[in-house]
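Written out below as structure tokens is the structure these notes cover.
The values are calculated or read from the model by the stated rules, or taken from the named source; none is laboratory data. Since the model is a prediction, treat every value here as computed from it, not as a measurement. We place every Cβ from the backbone using ideal geometry, glycine too, and count neighbours over all the protein chains shown. Protein only, heavy atoms only, side chains kept; ligands, DNA and RNA dropped before computing areas. Shrake-Rupley method; radii C 1.70, N 1.55, O 1.52, S 1.80 Å.
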Amino acid sequence: MGQIEVWEIGYLGLGSSVGDREAHLRTAIQRLKGESVRVKRVSAIYESPHLGLHPSDAERYPPHLNSVIQIETCLSPLELLDRLIEVERAGGRERVERWSPRTIDIDILLLGSHIEQTPRLTLPHPGIAQRAFVVLPLVELSPELVLPNGERLADIALSKTIQGQVIRRVEGVRLLLEE
């Protein structure tokens, strides 16, 4: 008898700050789709200042377009990470400096009930509760979502940390799924 495939719901954060940012997001979503990853839902696009290592990075670098997608996958967390790195490379991502501008960046935010902390991957993503460009699109997709630590995402979205960040929803543009 063969193994039974277990499909899990996950959430990925996508961001782009170089070139045709919207096209980079769309292309990454198309590249993610396959026999082991199904894209189920896509949030609106949000624009936010560059989050960098230095306080002046928000002025030096272009703003990011961000979105969150809900996926179903039968891949393990590390297999999914490897798949995301392939998609980033295909999209022209170069890892020159941490938090530098990039054509495409894809992070695993949550994957099923997985909790991991390895040198390669931390789940849930450690920045979820601090980044409006993650929290707001994630709440848009799953308003009742509760993080493994018991925090409700909707409550995090109302926190001073999130409410104090500069972010805007890009109206009139959606990363529509093509079947």
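Numbers at a glance
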| read-out | value |
| --- | --- |
| Selection status of Gly15, outside any helix (DSSP H, G or I) and at pLDDT below 90 | no |
| Members of segment 140-160 that are touching a Leu at 6+ places or on another chain (Cβ under 9 Å), open to solvent by 30 Å² or more (accessible area, probe 1.4 Å) and closer than 14 Å to Val68 by Cβ | Pro143, Leu145 |
| Pairs where the first residue, in segment 100-123, is touching a residue at least 12 places away in the same chain (Cβ under 8 Å) and the second is open to solvent by 50 Å² or more (accessible area, probe 1.4 Å) and among the β-branched types (Val, Ile, Thr), C-beta under 7 Å, 6+ apart | Pro101/Val18; Arg102/Val18; Thr103/Val18; Gly112/Ile9; Leu123/Ile115 |
| Within segment 42-59, considering residues that are open to solvent by 50 Å² or more (accessible area, probe 1.4 Å) and touching a strand residue (DSSP E or B) at 6+ places or on another chain (Cβ under 8 Å), the one modelled with the lowest pLDDT | Leu51 |
| Neighbours by Cβ (under 6 Å, 6+ apart or cross-chain): first from segment 156-179, assigned to a strand (DSSP E or B) and of a type in the set (D, E, K, R); second surrounded by 12 or more Cβ atoms within 10 Å (Cβ to Cβ) and at pLDDT 75 or above | Arg168/Glu47; Arg169/Ala44; Arg169/Tyr46 |
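Residue-wise test of (1) in contact (Cβ under 8 Å) with a residue 24 or more places away in the chain; (2) more than 19 Å from Leu51 (Cβ to Cβ); (3) open to solvent by 10 Å² or more (accessible area, probe 1.4 Å).
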position	(1), (2), (3)
Gly10	yes, yes, no
Leu14	yes, no, no
Gly19	yes, no, yes
Ala23	no, yes, yes
Ala28	yes, no, no
Val37	yes, yes, no
Lys40	yes, yes, yes
